[in-house]
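Below is one structure, written out as structure tokens; the observations come after it.
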Amino acid sequence: MSATPQASTSKYGPLEDYVHQRISGRQAAYIRRESDALAAMAKLRRGLNAPPGRLPDLWALTLQDLPAAPYESSGYGPVQEPEEPTAWESAAYDAMAIHALHQQSRAKPMHRRDHASLGAAVRRLGASSGAEDAVRSRFHVIGTATDHDARLTHLRGLIGQLRAHEIPLDYARLAVDLYKLDTGRYADQVLLSWGRDYHRNPAPTTTSATSETGDNQ
């Protein structure tokens, strides 16, 4: 039996841990073809084009027990709730909805908690698809997108390709990266990390037994 992953300790740790726990549990149930998980994943896919909060069917799936963002509390008590979805809420929502697309009709886990960035997965995709130039161009478009909606549109297209080649992604890491990009906090750091993982790290040619069975989730 593999060891249970340790909880993240950074200020983004609550977001990472929440997304990992929600996705990994739902993913395991989906692979077992449990009816509740199948229904939940279908609802999440339908929510891809809607902002957090718009669809009541998704409230419990994406907002229940979501921890507060680092800026949502102070020594003087909770900060007043904004009227629009926060970047923190959107990051969790988007990661879970996109994972539902990625996992659709797949018997292998498409969320893998390996802390690797989107860049590492895209590198594997280029090698597996035989269309490295086209994959790289789409990846660059995501990196240069200047707003949330454009970024998510291009990301969904790339996730569809990852799904076709059964290449997993760390959705807990993705949620934090999306949060940083949406807020502008450390956005350059995220893009640099993606670029490093895409250009420097070798793409693994085999999948470990642990990742195949989902034991590390």
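Helices (runs of 4 or more DSSP H) wholly in the range 67-147 with at least 3 residues that are modelled with pLDDT of 95 or more and crowded, with 24+ Cβ neighbours inside 10 Å - which ones? Break it down into steps so the answer makes sense when it comes.
Numbers: elements: 87-103, 118-129, 132-144.
Per the criteria, 87-103, 118-129.
For the range 164-175, which positions are open to solvent by less than 10 Å² (accessible area, probe 1.4 Å) and outside any loop (DSSP other than H, G, I, E, B)? Quick ask: steps written out before the conclusion?
Of the residues in the range 164-175, the ones open to solvent by less than 10 Å² (accessible area, probe 1.4 Å) are 167, 169-172, 174-175.
Within the range 164-175, L169, Y171, A172, L174, A175 qualify.
The values are calculated or read from the model by the stated rules, or taken from the named source; none is laboratory data. The shown structure was predicted, so the numbers you read here are calculated from the model rather than taken from an experiment. Note that each Cβ is placed from the backbone with ideal geometry, even for glycine, and that neighbours are counted across all protein chains shown. Please note that ligands, DNA and RNA were not included when accessible areas were found on the heavy atoms of the full protein model with its side chains. Shrake-Rupley method; radii C 1.70, N 1.55, O 1.52, S 1.80 Å.
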